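The values are calculated or read from the model by the stated rules, or taken from the named source; none is laboratory data. Since the structure is predicted, the reported quantities are computational estimates derived from the model, not experimental observations. Ideal geometry is used to build each Cβ from the backbone, glycine not excepted, and the neighbour counts take in all protein chains shown.
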Amino acid sequence: MTKKLNQEVMDLRQSGIRSVTMRCNELGGVNLGQGVCDLPMAEEIKTAAYQAIAGNKNIYSDYRGVASLREVLAEKIKNFNKVLVNPETEIAITHGATGAYVAALKTLFSPGDEIILFEPFYGYHLHVAKLFSINIKTVSIHIDDLSFDLNDLKKVISKNTKAIILCTPNNPTGKVFTKQELLEIGKLAEEHDFYIITDEMYEHFIYPGHEHISIASLNNFKARTLTISGFSKTYNMTGWRLGYVFGPAKLIEKIALVHDFFYVCPVTPLQYAGIQALQMPASYYEALQRSFLQKRDLMVQGLRYLGFTCTEPQGAYYMLVDGSNLSFDSGEDLSSYLLERAKVAAVPGSAFYLTAEQGAKKLRFCFALNSECLEKAINQLQQVLKAN
Ligand SMILES: Cc1ncc(COP(=O)(O)O)c(C=O)c1O
C-alpha cells in the first residue's frame, strides 16, 4: 500500500508511561509510574455487578446511560459538587472519563480551534486534542508552589479559543485549584466567550487545608462548563470503564450522541453496579482520604530524604518531583536508572510537557499502591541513590 495513514495518527507514539510499565512488569519491580490504582475494590460493588449480570442486564443501555444511575448521580452531583442537574437532559454516562473527554472535544471543536491546557498536563488531554487537529496553547503551573500566573493565561487567549481544560485535583502536579483561581478563570471564559472543560477525576482525593470546588457550582459558570468525572479512581475500578459528564442540556444531548457513535454505551451491568458505588457511606470516603494522606506523607518524606525537590500534593495521588540535585542528564536517564537498578518505575517528566526540555530532570511518582509497596519502593530507591 502506498496511501498514507492519517498524519495525526502517524505522529502518535506509545506513551512513555506504558513502556515504563511494560519494563517494570518484566523486572518484577514496583510500579509508581502508571496511575492504575491497584487497591482492592469494595465487596458491595462487586456483588452488585454479579447481581446485574445474573439479573440479565445484558442489552445496550439508553445512549445517555442507565436512567437509574443518572438519577443517583444527579443526587451525588447536587450534594457533593453543589450543582443542580436534570438527570434526563444534563448527564451522560460514558466509557470512562476518557470517553466523556473524547465525545466532548468532538462536540465542541472544529479543526483549527484552540484549546488551552495547563502545563504540565495529563497526556490524554493533549493527545486526544491533537488527534482532533485542535491547536494547543499552554499555561504553566509552577511546580515549586503549584501556582499559575493569570497574565500567562490572558496572553494565550485568542478569538480562536474554544475551551480551556482544567484538571482539579491535578494530574500530574497534585494542584487543587482554589475558589479565587476558578472565579478568575470563569470570568475570563465569560469575557472571551469560551467553554470550560473540567476533569475532576480525583475529586475525592483531597488533603487537609484544601477543598475541591467544582467550577460549575460558581456564579453562572455552569452554563459554559462540562464537568467530567468517573468511577475509576474513587472505587478502584480503572478497568470497568465507567465515567460521566454533566453540563448544559444542549451540549450533553450532542455529546451523548457522539458517544453513542463511538462507543454505543458503557457496559450495561457495570452501570447498574455503579449505582451501588455511589451509595457507599461517608465512612468509605473518609477512609480513602485517611489512607491516601498517609501515603502522600510517606512519599513526600521519603523522596525528600532521597534528594528530590517536591511540593506537597494538595490532592490526587501523584507527585511531580525535581531530580536536579541528583546528577543525571535527564528525567529519562534517571527513570531508566531507577527502574533498572532499584526496580522502581516512575514516569519521566517529559511526558507532561510540550517540549522535552521542560520536563527534563523531573519524574512523576504515583502513590496509589498499598503502604507496604510504597515503603518497599522507598527502601529500594534508598539502596541505589544513597549508595552513590
Ligand atoms: C485526570 C484524569 N482523567 C481521566 C483519567 C482516566 O479516567 P477513566 O479511567 O475514567 O477513563 C485519568 C487516569 O489516569 C486521569 O488521570
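Details
- Residue within the range 114-128 that is over 19 Å from the mean Cα position of the chain (by Cα), buried (at least 18 other Cβ atoms within 10 Å of the Cβ) and away from the ligand (no atom under 16 Å from the Cβ) present: yes
- All of Leu306, Leu320, Leu298, Leu293 fail the test of being buried (at least 24 other Cβ atoms within 10 Å of the Cβ) and of a type in the set (A, V, I, L, M), apart from Leu320.
- Just one of the listed residues (Gly243, Gly239, Gly209, Gly247) is within 20 Å of Val72 (Cβ to Cβ) and over 14 Å from the mean Cα position of the chain (by Cα), and it is Gly247.
- Residue within the range 159-173 that is under 30 Å from Ser283 (Cα atoms) and surrounded by fewer than 16 Cβ atoms within 10 Å (Cβ to Cβ) present: no
- Residue check for Thr98: at pLDDT 95 or above, within 24 Å of Tyr317 (Cβ to Cβ) and assigned to a strand (DSSP E or B): no
- Flag if Ile252 is farther than 30 Å from Asn370 by Cα, within 13 Å of the ligand (Cβ to nearest atom), surrounded by 18 or more Cβ atoms within 10 Å (Cβ to Cβ) and in the same structural domain as Asn171 (by TED's automatic domain parsing): no
- Note on the range 78-95: among residues that are touching a residue at least 12 places away in the same chain (Cβ under 8 Å) and either within 16 Å of the ligand (Cβ to nearest atom) or in a helix (DSSP H, G or I) (or both), the one that is surrounded by the most Cβ atoms within 10 Å (Cβ to Cβ) is Ala92.
- Residues satisfying the stated conditions in the range 318-335, i.e. closer than 19 Å to Arg18 by Cα and under 24 Å from the mean Cα position of the chain (by Cα): Tyr318, Met319, Leu320, Gly331, Glu332, Ser335
- Selection of the range 169-202 for residues being farther than 12 Å from Thr225 by Cβ and away from the ligand (no atom under 16 Å from the Cβ) yields Thr178, Lys179, Gln180, Glu181, Leu183, Glu184, Lys187, Leu188, Glu191, His192, Asp193.
- Residue within the range 145-168 that is part of a loop (DSSP other than H, G, I, E, B), within 16 Å of the ligand (Cβ to nearest atom) and of a type in the set (Ser, Thr, Tyr) present: yes
- Flag for Gly209 being part of a loop (DSSP other than H, G, I, E, B) and modelled with pLDDT under 95: no
- Filtered residues of the range 243-299 (kept if in a helix (DSSP H, G or I), under 20 Å from Ala49 (Cβ atoms) and among the polar types (S, T, N, Q)): Thr268, Gln271, Gln276
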